[in-house]
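Read through the structure below, which is laid out as structure tokens, and then see the notes.
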Amino acid sequence: MSDADIKKPFGVMEPLLPALDQMQHWTRVIGQAQQLLLEYSARQMAKAETEAEKIPGLPLLVDTEAAGKVQSEFWANGLTLWQSFLEGGGKVLTGSEGRPDGDRRFSAPQWQSDPVFDMIRRSYLLTADYMMHLVDTVDGVAPKQKDQLRFATKGIIDAMSPSNFALTNPLVLEKTLETNGDNLLRGLQNMLNDIDRGQLSHVDGSAFEVGRNIAVTPGKVIRETPLYQLIQYEPTTKEVLKTPLVIFPPWINRFYILDLNPQKSFIRWAVEQGVTVFVVSWKSADESMKDVVWDDYIVRGQIDAIDTVRELLDVPSVHTIGYCVAGTTLAATLALLAARKEAEKVKSATFFTAQVDFAKAGDLSLFVDDELLKMVKTLSADGYLDGRYMAATFNLLRGRDLIWSYVVDNYLLGQDYKPFDLLYWNGDTTNLPAKWHQNYLADLYRDNKLVQPGAISIDGTPIDLRKVKTPSYVQAGREDHIAPPESVWKITEHFSGPLRFVLAGSGHIAGVVNPPSVGKYQYWTCEKKVQSLADYVAHAKETPGSWWPDWIDWIEALGNESVPATGGRKPGKGRLKAIEDAPGRYVKAR
């Protein structure tokens, strides 16, 4: 083999047949790796049994027959893989196992065309499959504990992928040869920058500036409290619907997920439909908010904003939207208003991927236990939780996509960050009041009190979701990993008023931020009364594109009376004067 061949990238070289000693070496290496993983799994299982024995009445049982079968299949499949490799002289295997499996980590052709890396990939996938099957043989634990074990095992499997390491990733080796190691230097600089930030970067932060090329829909801040700023947007139509809209974004994120740019902005689109739009911009917590609790977000946040808009425009009621956790709070707000005999203040409520019943809250609920609450309390010693901890938690839910793919691209390959507004928003973290955050995790995720009539009181008033009769529009994302559709669906089991449920394509963000102009995804509606999400899906009608037009049709069906877009309908022209231009200073505070 010439020097020129040695310097060729893997993708250019013809697959070479390894010599017998090379095949023996790689067979030994891979075999030792699998043996290490097997021994690790055995130690973890033994440790779990020992811990379980310390708790009377809580034995950890392993289905020995099932475990033995899994182990036997693992070794048999491993032996078959090695024999095929040796008998084929290192050639790429054929058949169903030789085809790419759709895993983006191994989508590059080198993972199949080069016999050594093909063997590494197959061995990893075989071991990963074995570890997950071994978890399924564990009995004698609560379902939540079983799910925690699955989640932790999957995290370990994703972390140990050969694609995450320079010496076992053909693309990284190729790039290192091509750049003479400059990629590793750039990656090191990226990593050191992230260490300084205390946060994994997904995007070049200098590419965006809030108020310049992101969150640019024209409007004014017309009210400011220690908890939030209220933004009113400039009308673009001569007439507007009489009933205005107040949007409550999640306070664990910045509000401009709904105003990323003019093409993606739900806020701008709603204004263009002739709606007077107000948005709450929550303040990122600091030491001054150490005593803020959930009651504050409901009474001095959402209800205060609702009353402010009603008085400003002299209207009896408003339409509302609650996104994610702000939707959870909106449900509590509706229940409190119902208990106070003030339900008429809200004409309709729309819920974007929001949960009220946390019995099926997905992987995020696996984190919430007494130990986590103790850790969160320790991390919140200054009276607030640094938003970077929450960002890391959400990244862990999709570690393969939101952690390891960026480790490979930005640290190992040394690639430039892509200017993606959604990822910029995702990394723009918000701090959370410590006391509120603790109560939210304990009362909702851990104890699921919101759906227990009278279990939660707001400002001294017990609330009951069954008393909510406000017309509601409930949107869920089919692939949502934060608020699973099965969990969002459960709103329909607690509210008593008219309700429209819409299942959108994609997930927690793209399922919501899907403007009609793009023509992406689809949504499902079902006019038949059904008792479960499965029945809903079975009878649902699929419609291509965005669900936004369906929503505005629903809003107008509740009342389409219009008024001139003058006076208080223009920001700062009514009783409340403009404080500053949108998006305001709260969203820019770090």
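The values are calculated or read from the model by the stated rules, or taken from the named source; none is laboratory data. Everything numeric in this text was worked out from a predicted model, so none of it was measured. Because the Cβ atoms are built from the backbone with ideal geometry, glycine has one as well, and the counts that use them run over all protein chains shown. We work out accessible area using only protein heavy atoms, side chains counted, and drop any ligands, DNA or RNA first. Shrake-Rupley method; radii C 1.70, N 1.55, O 1.52, S 1.80 Å.
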Condition check for SER348: hydroxyl-bearing (Ser, Thr, Tyr), open to solvent by less than 20 Å² (accessible area, probe 1.4 Å), touching a Lys or Arg at 6+ places or on another chain (Cβ under 8 Å) and under 30 Å from GLY568 (Cβ atoms): no
Any chance SER487 is touching a Gly at 6+ places or on another chain (Cβ under 9 Å) and either over 23 Å from SER107 (Cβ atoms) or not in a strand (DSSP E or B) (or both): yes
Residues of the range 340-354 classified as over 11 Å from GLY322 (Cβ atoms) and assigned to a loop (DSSP other than H, G, I, E, B), total: 3
LYS175 vs. criteria of a type in the set (D, E, K, R), out of contact with any Pro (no Cβ under 9 Å at 6 or more places or on another chain) and part of a helix (DSSP H, G or I): no
Count of residues meeting criterion [open to solvent by 50 Å² or more (accessible area, probe 1.4 Å) and either of a type in the set (A, V, I, L, M) or over 20 Å from LEU444 (Cβ atoms) (or both)] in the range 287-300: 3
Residue match in the range 199-207 (condition: within 26 Å of PHE367 (Cβ to Cβ) and either among the hydrophobic types (A, V, I, L, M, F, W, C) or assigned to a helix (DSSP H, G or I) (or both)): yes
Close pairs from the range 116-134: first under 16 Å from ARG400 (Cβ atoms), partner open to solvent by less than 30 Å² (accessible area, probe 1.4 Å) and of a type in the set (Phe, Trp, Tyr), Cβ under 7 Å, at least 6 apart: ARG121/PHE106; ARG121/TRP111
Residue in the range 435-458 that is acidic (Asp, Glu), more than 30 Å from PHE208 (Cβ to Cβ) and more than 18 Å from the chain's Cα centre (by Cα) present: yes
Among (1) modelled with pLDDT of 95 or more; (2) within 20 Å of PHE352 (Cα to Cα), the one test that GLU527 misses: (1)
In the range 484-510, the residues that are under 22 Å from SER265 (Cα atoms) and among the small types (Gly, Ala, Ser): ALA504, GLY505, SER506, GLY507, ALA510
Residues satisfying the stated conditions in the range 444-493, i.e. open to solvent by 20 Å² or more (accessible area, probe 1.4 Å), among the acidic types (Asp, Glu) and touching a residue at least 40 places away in the same chain (Cβ under 8 Å): ASP459, ASP464, GLU486, GLU493
Unique residue being within 29 Å of SER380 (Cβ to Cβ) and of a type outside the set (Asp, Glu) when the list is GLY460, GLY477: GLY460
